[in-house]
Structure formats: C-alpha cells, structure tokens
Amino acid sequence: MQRLEILARQLTAGSATNDRTPLLASRDVYDSMHRKSVEDPEGFWGELALGYHWQNKFPARGHMSYNTDVGRGKIDVQFFCGGTTNIAYNCLDRWVAAGRGDDPCVLWEGNDENERRTVTYRQMLEDVCRLSNWLTSRGVKKGDSVTIYLPMVAELPAAMLACARIGAVHSVVFAGFSAEALAQRIVDCQGKVVLTASGVMRGAKAVPLKAIVDDAAKLAAKGGQPVTSVLCLEVPSALRAANTPWDASRDVWWGDAIPIQPPTCPPVWLEAEDRSFLLYTSGSTGKPKGVVHSVGGYMVGVGESCRYLYDMRPGDVVFTTADCGWITGHSYLAYGPLLCGCTVVILGGIPTHPDGGRCWRMVERYKVRQFYTAPTLLRSLLQLGDAWPRQSDLSSLRILASAGEPMNEHAWHWFHEMIGGSRCPVVDTWWQTETGNGMITPLPATWFQAKAGAAGVPFFGVLPVILDPATGKELPGNAPAEGVLALRGVWPAMARTLYGDHERWEQVYFAPYKGYYFTGDGARRDEDGHYWITGRVDDVINVSGHRIGTAEVESSLTEHADCAEAAVIGVDHALKGQAIYAFVTLRGVDHQNDAMRKTLMDHVRKSIGPFAVPDTIHWAPALPKTRSGKIMRRVLRKIASGQEKELGDVSTLAEPGVVEMLIKLRGK
Ligand code: PRX
C-alpha cells in the first residue's frame, strides 16, 4: 500500500446517499491485510499512520517494540516512537485546513427534542482552543490530569479535545457516578481541575451535577487531593445558575470564563508514547482501574478501525448513542469519527424520551449513515414496537454497529431487518476499554457472511487464541474450540498501563497466561473461524453494557454497618443482559425486611451510582463456602436462577445445610 494511495482514499468524501467501494473489497483483501498486520506490524501500521499529521515523522523502521511476556521483564508496548503528533490537531485543524471549516462537526439535540445545536468544524476548533487557553491559565500543563464530569453536551467532546490539545490527560467520569465514586477517581488521578455542569435533565428528572461535584471535592480533599478549579456550564433547563451551589474562591462559570479566551491555541506536539487519557473501568477486585491510553497508537488504531470496520469517511453522519463516560463514547463518538472528518450526532437525553421514535426521527433528520449502539438500547427500542421505526425514513443508514455486551439473535434480526432494511451490515464488535478499538468483528462488506450473535473475525493486528482454562495451553490452530479468550501480539491502540500501578497492569492482564493478553472473557471459535463471546470468566458483570466488578458492589454493601457479608453475582435479565443479584448476611437477623433492603440499595446508589444498585437482595444468614473459606459463586448462581437441581459437585462445601436454607429464603 503506497502512501499516496492511503491519502487519496482518506480524502475521498463520503455522502449519506451515494454508495461507494468498500475498503475491504473482498475476502482476499482482508486476508492479505490481516496477514501483513500480524507478520509485520511495524511496517503495516507505519504505512496506515501516514494518513495522519505528524509534526515529526517516526522512522519507517525501529519505531515499534514490545514485550508481553512477564517472564522476560517489564510489560511494554511502543508504536511510532520518534514521531510527534497531536490528536486534537488531527481531529479538527486538519479538516479546517482542508477547507471543511463550515461543515458540521457536531449536531446536538438535548433531552427536549426542540433543543438543537449545530457546531461547525471551525467553531469546534475555536471552542477547543478557548478551553485549552483557560486550562493553561489555571496552570494545567502536559501530563496533568483533568476530570470531566459532564452530561452529553457538545462541550463534552470539546473538553476532551481541549485537554488533548495541550497534552493534559483527561479522565471522563460518567455523570451517573455518585460523589463518592467521583471523589475516588479524582484522588486516584491526582486531578486538581474539574469540568462540570449545573445539572442535566434525564427524561423528566433533573440531576444536580454541580452539587455532586461539590460533595466529591470535599471527599477528595479529605483523601489528600484538593480540587482547586471547577469550570461549570450552566444547563438552565436542569438547574439555573442562581440555584447552583457555588464556591466563589474555586468555581467559575463556563459562560463567563471561556468566551473571553483567545480562539487560537497552538497544539502541543506530543511524543507518540505520551499519555493521552485515563478512563476508569471495573475489574474483579474492589478498586476501579485507571486505564491509560497513548497518543499516537490510540489515534491510529481508533481512526483506522473507524475506516475499516464502520466505513467512516469525511462528511459521513455518525450517530453513536454511547455516553462519553465510557470507552465507546471516546473511540466511536468523539475521537474516531472526528479523525475521519465525519459529522457526529449527539443525543443529550434518554434515547427513549419522549417516545420510542426519538432515535429514528434523528436518523431521518440528519441522514445518519452509521448508527452505533448497544444491545440493551436495542432491546428496549424493540420492545416499544415496530410502529416507531416505521414512522421514519431510515434509508440513509448504511452501517449498523453495536458493542459492549452480547447481542441476542432476536435483537440482531430486528436491527438488521427492521432498522437496516436488510441492506446494512450489522457490525457487532467485541472489544474492551483496555483494547482501545474494536478487536473481533463482522466486516462491513456484502461478501462477509455475518452470523447473528457472533463477534466475527479479528481486526488488523489482532491474533485471538482460545486457551484451555485448566492447562492454559492454546487450543490448536483454527479448529473449533471453546475456552478462555486471550490475544497474542500487540496492536497500536492497546492500553499501556494502569495509572500509578504498572504492576497491577502486568498481574491482571499478562500474568494469568504467560505471553498473552488475558481478556477476562470466554469464547468459542466455530468451523468458519468466527468467534462467539460466551461472557466473562472473572468476577465482572455486564449490566446494560456497563462493566461492574462484583467486588465493588460487595465492598459498598459491607461498608454499611448492618451488613456483615455480601456475595454479588450476575443473573440473566431480558432487557439489561445481566442484573445484579446480591446475597447479604446481616449482623443479626431481626431486620431481614424490605426497609433494610431499601437502606442497602440507597447505600450502593450513594457510594457507586444508580446503575450499580442490585435488583435483588436475597437474605443469607450464611453463605456457601469451601472449607478454605472461598464463597462458592457457582452454587449461588444456581440458587438465584432456581436451578438448585443442577448444583453440581458440592462436596467441598463447609456447611452443606446452608444451601437448603438459602433456597427457602428465595423471594422472602
Ligand atoms: O465481556 C465483554 C463485553 O464487554 C466487556 C468490555 O467492556 P468495556 O471495557 O466496558 O468495553 C465496552 C466497549 C465495547 C468485554 O470484556 N463485550 C464487549 N463487546 C462485546 C461484549 N460481549 C459480547 N459481544 C460484544 N460485541
């Protein structure tokens, strides 16, 4: 692949109505590109990276190195060394310089459907520069962490890009997390500056975000991390400035501070391996992990995955329903589509508000070409009936994408047939916060035979392997197999470490199976080489596409004075995929009642956030444990789902009577 060819392809404008040659025109093209990507990753990614602006070019050879074997020393991955770049420059300046300054960059709609805003590429660049200048005026410099706790307003991607422009490391915290969870993240990343809003409307409910930030700042100060500056956007529909709690020594209004800043700001040229952002995610132990991404590798990996997996080209209108508080919002709402010069549609409210037609009206209104969502939302839209999508013209759609949790066959067919008119590929990609971009995926081409519910085939640079969980040995070649999903080799957008804890990065991801990246998921490979994700094999559950560590919910429950012990598991749920089910042992049994349930649920809401509240609390005067004191979750899963006839081997139970007692207490 020649450089000019790459650039020519990248500048080919897309349009919402014309069809065009797919980048992966045939199975042979995919096979040969995939082969090259794994045999010569340095050469392969080096060529693709030339489609981006580098202030200093990295050398064609010698820019990449890696070690993924804990036995050989420090885990380390490097791409594009010697190159300097800036992701915000590549997302914005590049397109403005190419004469696309008046093209829409963001098309935003609020909770109220009549509240609409268009931000052009030029306006976005100016907004970002003003914000960068403000951050600099507050003493923020390259490498400093900045916490962003904003709802889905156009200012949220602007804030991310403003940090990226000056090399500050953003940590976007989903604006559904509680004050305690926010404080924990502020302390961990040592962030002094927080960007937030007065509040947000979620359906008919106003959530006072600034008050949550104030509480978090108090807790963070106690935890040793004072917050010195808070920039607050007034969202009058949720909470007016006059009613917003305020600390004049620390807080400034966005509307006062930002418009007076100069609209230009030179980008800081960053080393490819500098940190670009942190994103906290859950693992199988209590404390959330600050996943660290790189500047150059993340940019190239995410940008190229947008082009090859979702066929994004300049001018395409992309509607991603994810929140920027999660990785999908980072990679496929903010950074990726802008790296490709697309127009991004943002919905600032609940996607089913005011009714089940909202998303489809937006598809029609903006002539959306790529619609990226998660199975949970699809399942709830599907439940609202076919009449809603039928009312809108969905003919602009070309690619339907999804990620984050398994898609059941019924939802897949509805998506493909009802929404995509059977003409749009369903690209249901498997990936993770840590992988940065899509990893195992159906390909967006007519020749690709996608299977409903399967994750598909590996993206460039990805070498999935199925390991035997008992022996840790690779199950051979391309033959059908089922076991633990691991990845061999490295890819540019993979995370580089966990913030402040490289040892945990090595222990969690590289120590379990030497030489491999351990995904935490199980998978099956079929006779055509397609991968099917079978779910987490660790203590992580996936509720509505949100990753929650069972240990996080357990430690929140046991923080409560009345809770002696808790064991949390995931159970199947028709809409959410999985629901949280908690077995709780109280100190004393006289208050095993609904009032106590509510107290514990409120406690979890306060310490983590509403999405982590257990659906069920099952009283457990004792928990089933092995003689060595390990809770037998397998047994709990069977009891919770009423499958007590299939308990399996319980000979290691310390007290066999516990099981009988728990079965009796189900539903009580
Ligand atoms: O269990 C897998 C599931 O979501 C986990 C990653 O969650 P998170 O880091 O929040 O990243 C979400 C961005 C995609 C995975 O370990 N998962 C992700 N995609 C799929 C999936 N399960 C089934 N099918 C998928 N397409």
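Of the helices (runs of 4 or more DSSP H) that lie entirely inside segment 169-266, those containing 1 or more residues that are of a type in the set (S, T, N, Q) and at negative phi span 179-189.
Please determine whether any residue of segment 570-581 is of a type in the set (A, V, I, L, M), open to solvent by less than 50 Å² (accessible area, probe 1.4 Å) and over 30 Å from residue 383 (Cβ atoms). Checked against the condition, which is being of a type in the set (A, V, I, L, M), open to solvent by less than 50 Å² (accessible area, probe 1.4 Å) and over 30 Å from residue 383 (Cβ atoms), segment 570-581 yields no hits at all. Strands (runs of 3 or more DSSP E) fully within segment 551-640 that include at least 3 residues being closer than 22 Å to residue 283 by Cα: 563-573, 577-586. Residue count for segment 582-625, restricted to those that are under 15 Å from residue 637 (Cα atoms), open to solvent by 10 Å² or more (accessible area, probe 1.4 Å) and modelled with pLDDT of 95 or more: 2. Filtered by the rule that a residue be in contact with a helix residue (DSSP H, G or I) (Cβ under 7 Å, 6 or more places away or on another chain), over 30 Å from residue 546 (Cα atoms) and among the polar types (S, T, N, Q), segment 231-287 gives 261, 264. Pairs meeting the criteria (first residue in segment 328-355 and within 20 Å of residue 291 (Cβ to Cβ), second residue away from the ligand (no atom under 16 Å from the Cβ), beta carbons under 6 Å, at least 6 apart or on different chains) are 334/157; 334/160; 339/90; 339/91; 339/303. For segment 510-561, a residue qualifies if it is among the acidic types (Asp, Glu), in contact with a helix residue (DSSP H, G or I) (Cβ under 8 Å, 6 or more places away or on another chain) and within 15 Å of the ligand (Cβ to nearest atom), and the qualifying residues are 539, 552.
All of 336, 341 fail the test of being buried (at least 19 other Cβ atoms within 10 Å of the Cβ), touching a Pro at 6+ places or on another chain (Cβ under 6 Å), more than 19 Å from residue 111 (Cα to Cα) and not aliphatic (A, V, I, L, M), apart from 341. Hey, among the residues in segment 400-427 that are within 12 Å of the ligand (Cβ to nearest atom) and polar (S, T, N, Q), which one's modelled with the highest pLDDT? Going through the qualifying residues, I end up with 402. When every residue of segment 485-505 is checked against the conditions, at least one turns out to be outside any strand (DSSP E or B), touching a residue at least 12 places away in the same chain (Cβ under 8 Å), in contact with a His (Cβ under 6 Å, 6 or more places away or on another chain) and within 15 Å of the ligand (Cβ to nearest atom).
Among the residues of segment 154-185, the ones that are under 30 Å from residue 602 (Cβ atoms) and not polar (S, T, N, Q) come to 13 in all.
Condition first: closer than 20 Å to residue 333 by Cβ and among the acidic types (Asp, Glu). Can you find one or more residues in segment 76-91 that meet it? For segment 76-91, residues closer than 20 Å to residue 333 by Cβ and among the acidic types (Asp, Glu): absent. Looking only at residues in segment 641-668 that are in contact (Cβ under 8 Å) with a residue 24 or more places away in the chain and either assigned to a helix (DSSP H, G or I) or touching a Phe, Trp or Tyr at 6+ places or on another chain (Cβ under 7 Å) (or both), the one that is most open to solvent (accessible area, probe 1.4 Å) is 668.
Is there a residue in segment 450-466 that is surrounded by 18 or more Cβ atoms within 10 Å (Cβ to Cβ), away from the ligand (no atom under 14 Å from the Cβ), among the aromatic types (Phe, Trp, Tyr) and in a helix (DSSP H, G or I)? No: zero hits.
Quick one: how many residues across segment 467-488 are among the aliphatic types (A, V, I, L, M), more than 23 Å from the chain's Cα centre (by Cα) and crowded, with 17+ Cβ neighbours inside 10 Å? Selection size over segment 467-488: 2. Against the criterion of being among the β-branched types (Val, Ile, Thr), over 16 Å from residue 225 (Cβ atoms), touching a strand residue (DSSP E or B) at 6+ places or on another chain (Cβ under 9 Å) and surrounded by 24 or more Cβ atoms within 10 Å (Cβ to Cβ), residue 172 qualifies. The residue that is least open to solvent (accessible area, probe 1.4 Å), counting only those in segment 316-329 that are more than 18 Å from residue 362 (Cβ to Cβ) and assigned to a loop (DSSP other than H, G, I, E, B), is 325.
The values are calculated or read from the model by the stated rules, or taken from the named source; none is laboratory data. Remember, it's a predicted structure, so these values are computed and weren't measured experimentally. Neighbour counts run over all protein chains shown; Cβ positions are idealised from the backbone, glycine included. With ligands, DNA and RNA removed, areas are computed over all heavy atoms of the protein, side chains included. Shrake-Rupley method; radii C 1.70, N 1.55, O 1.52, S 1.80 Å.
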